[in-house]
Structure formats: C-alpha cells, structure tokens
Amino acid sequence: MRYIDLRSDTVTQPTQQMREAMYTAAVGDDVYGDDPTVNRLEELGASMLGKEAALFLPSGTMANQIGVMCHTSRGDEVILSADCHIFVHEVGAVAVLSGANLRALSFPGGIYDPAMIEQAIRPQDIHQPRTALICLENALGNGRLVPVEVMEEIYSLAGQRGIALHLDGARVFNAAAALGVDVKEIAKNCDTLSCCLSKGLAAPVGSLLAGDQATIAKARKYRKMLGGGMRQCGILAAAGIIALEEMIKRLPADHDNAKYLAKRLAELEGVEVEADSVQINMVFCKLNRSPEIIEALPAKLLEKGIKINEGGQRGFRFVTSNEIAREDLDYFVDTLADFMVK
Ligand SMILES: Cc1ncc(COP(=O)(O)O)c(C=O)c1O
C-alpha cells in the first residue's frame with residue numbers, strides 16, 4: 001500500500017536516477033581517500049556552498065557534533081537556541097563528545113535576536129567559561145527562515161569577539177530557495193555548516209560538513225574517531241551528487257505545496273493554521289477538537305493511508321516532500337475534514 005507520508009521530509013525514497021547512479025558508482029576505500037564518487041561529492045558540495053572543503057558524513061547529527069568538536073575545547077561555552085536540533089534532539093551529545101557547556105537562549109517565537117546573543121557572550125573573567133561558538137539553524141526547525149542580514153549581523157558580532165559560528169543547515173537549500181538567494185550567501189556567514197542530503201533531497205543517507213581546509217582536515221580525523229570512516233561509500237555519495245545537482249531544483253515545489261496545504265486547511269472549520277510560519281515545506285496547525293479526537297487522529301488517518309506524527313505543543317506539523325502531490329494533499333484535507341465533523 002502506498003502511504004501519503006506527511007511526518008517529515010526524511011521519509012523520501014531515493015529516486016530511480018539515484019538508484020541507477022548508486023548501482024554503477026565507481027568506488028574505493030574512502031578512508032584512504034580513494035573513493036572517486038565521494039571525492040566528487042565533497043568537491044561539489046564545497047564549491048556549491050562556497051567553502052574550501054567538505055566532508056561526507058553519515059548523518060546531520062554527526063555533522064553538527066563534529067562541527068562543535070572542531071570549534072570547542074572542554075569547558076568552553078556554546079550559545080544556541082533552546083529550540084534547536086543540537087540542543088534538543090542530539091541526545092546531549094555535546095556534553096559527551098565536546099565536553100562543552102550549552103547556553104541555550106529562548107528567543108521569542110524562536111527567531112534569533114542578535115542583541116540577546118551579544119548579551120550572552122561571556123566577559124573575560126577567571127570565573128566564567130570562554131564563549132567559543134555560536135550555533136544557528138537556517139531554515140529553523142520550526143519551518144521559519146533566518147534572513148541573510150540577521151546572519152550577517154550575528155557572524156560579524158562573532159568575528160569581532162573571536163567566536164566561531166557553526167550553522168546547522170540541515171535544510172539550508174530550502175532556506176536558500178525560499179529566501180531567493182544563492183546558498184553561498186547564507187554559507188558565507190558561518191565558519192562551518194552542515195547540510196543534509198537525505199531531507200527533502202531524497203538521498204537515502206548522508207550529510208556534508210563544509211568549512212576551511214584546516215577545519216575539515218580536523219573534522220575528518222574526528223569522523224574516524226567516532227567510527228564514521230566509511231569504506232566504499234561512493235554508493236551513497238552517488239545519490240548525494242544527484243541530490244545536489246538535481247533535487248534542490250524542485251524544493252520550491254515542496255514550498256508551494258506547503259502553502260497550498262495551509263490554505264486548504266485554513267478553510268476547514270476548527271483548524272487554526274500558522275499561516276505566516278509556512279515559509280518552507282512545513283505547515284503547523286492546531287485542531288480545535290477534544291483531546292480524544294486529537295489523540296486518535298494519527299491512527300485513524302493511518303487506516304486511510306495517511307501518516308502523520310502525533311500533535312505537539314504547536315499542534316500538528318505536516319511536511320511536504322518529493323513524493324507528495326497536490327492530489328495527495330486534497331485527499332488528506334478531505335479525509336481530515338471527515339474526522340473533524342465526527
Ligand atoms: C534542523 C536539523 N538538524 C539536524 C538534523 C539531524 O539530521 P540526522 O537525522 O541526519 O542526524 C535534523 C534531522 O531532522 C534537523 O531537522
């Protein structure tokens with residue numbers, strides 16, 4: 001049975017073109033630097049992001065964690081958002097791997113405030129930790145965008161204070177498409193950035209960490225330390241190349257579909273859509289129905305061939321991606337409408 005899967009853009013299947021490229025990929029032992037397909041992906045990623053070098057990694061989490069490891073020493077402090085992936089969804093890895101202190105700021109609406117960041121930078125004081133790193137996300141995990149000017153302001157502040165900036169760019173290509181800028185315009189406002197090939201871009205596995213040569217050489221060693229040195233992984237990188245060369249072109253279609261979905265949902269009685277937060281491929285909405293109806297919804301929709309996550313604090317999140325067409329969204333909204341009247 002085919003499901004309409006609105007849980008995340010991580011659920012995408014590799015495309016036929018990817019499967020064929022994976023099948024025929026030239027490979028070698030990447031720990032020796034011998035895999036031509038991985039080398040090509042890393043060069044392509046670095047050049048698209050406007051950085052000197054890039055490293056192929058198994059996941060966005062590992063890319064972020066190695067990014068933090070590269071910029072910090074034990075006892076240093078990292079400023080980040082209390083809502084961000086590194087703080088909330090990476091299993092406390094910074095404490096384990098970097099031994100750094102996290103200074104999590106609660107930005108109103110999750111939107112970065114450079115003044116709050118500036119205030120959180122530690123003075124030089126024998127009692128206080130050294131602020132070594134600021135971590136940002138763009139696009140934000142809440143589906144919103146960070147304007148390039150805001151990134152510029154924070155990066156310039158970081159530079160003046162001798163602090164590095166790492167960007168969790170899991171969806172940086174979504175951000176670039178939605179902001180209408182070349183991804184380099186975003187990437188130039190950070191020292192390192194991670195980007196995911198497996199979110200929305202349909203590669204089965206993989207992320208890149210990009211930065212200057214020296215940092216990426218250090219990152220390569222950390223990857224080995226964490227057991228992430230992969231051998232003939234050109235098979236995976238082959239799909240990553242198609243993600244970068246082909247799949248980013250179709251991200252605006254996901255964004256348009258999310259806007260279409262938000263509009264259709266807003267027409268339903270009892271549905272409160274956060275219309276202004278639909279900036280990439282995510283729609284957040286609240287359903288004004290009893291907790292019983294809301295709790296039962298994912299299971300009921302599953303019976304109709306639709307997968308959604310349980311509702312959270314911001315209600316439900318629906319994510320559009322490569323395999324979701326307009327007809328699927330119509331079917332979803334019509335099915336949801338049925339459950340809303342019951
Ligand atoms: C903003 C953000 N950063 C990082 C990650 C981590 O990626 P991975 O699941 O590949 O570890 C995710 C995953 O959804 C994410 O949404």
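When the solvent-accessible area of the chain is split by element, carbon and sulfur atoms take up 51 percent of it, the probe being 1.4 Å.
Within the assembled protein chains, the solvent-accessible surface assigned to residue 179 is about 60 Å², based on a 1.4 Å probe.
The lysines whose alpha-carbon is closer than 30 Å to the alpha-carbon of residue 259, local same-chain residues fewer than 8 away aside, are 184, 188, 199, 249, 286, 300, 304, 307, 342.
The separation of segment 64-128 from segment 198-228, counted between C-alpha centres, amounts to 20 Å. Highest mobility in the GNM of the chain, judged by mean-square fluctuation with C-alpha springs under 10 Å and restricted to 198, 290, 73, is found for 290.
Averaged per residue, segment 16-248 has 41 square angstrom of accessible surface, using a 1.4 angstrom probe with ligands and nucleic acids left out. Measuring nothing but how far apart in sequence close Cα pairs (under 8 Å, 6+ apart) lie, relative to its length, the chain scores a relative contact order of 25 percent. Residues 331, 23, 260, sorted by accessible area with the largest first, give 23, 331, 260 [1.4 Å probe; ligands and nucleic acids excluded].
Scanning residues 5 or more positions from residue 137 or on other chains, those with amide H under 5 Å from its amide H are 168, with H placed 1.01 Å from N in the peptide plane.
In the chain, the alpha-carbon atoms span a convex hull of 136 Å³ per residue.
Of 197, 73, 147, which is farthest on the positive side of the dipole of the chain, counting Cα position, with +1 on Lys and Arg Cβ, -1 on Asp and Glu Cβ, and the Cα centre as origin? Value: 73. Projecting the Cα atoms of 170, 301, 215 onto the dipole axis of the chain, where Lys and Arg carry +1 and Asp and Glu carry -1 at the beta carbon, places 215 farthest toward the positive end. Taking amide hydrogens as placed 1.01 Å from N in the peptide plane, the amide H of residue 131 sits under 5 Å from those of 77, 122, each at least 5 positions away in sequence or on another chain. Assuming charge only on the beta carbon of Lys and Arg (+1) and of Asp and Glu (-1), the dipole of the chain about its Cα centre is about 600 debye to the nearest 20.
The values are calculated or read from the model by the stated rules, or taken from the named source; none is laboratory data. Note that the structure is predicted; figures quoted are calculated from it, not measured. Reconstructed Cβ throughout: ideal geometry from the backbone, glycine too, with neighbour counts over all protein chains shown. These area figures cover heavy atoms from the full protein model, side chains too; ligands, DNA and RNA do not enter into them. Shrake-Rupley method; radii C 1.70, N 1.55, O 1.52, S 1.80 Å.
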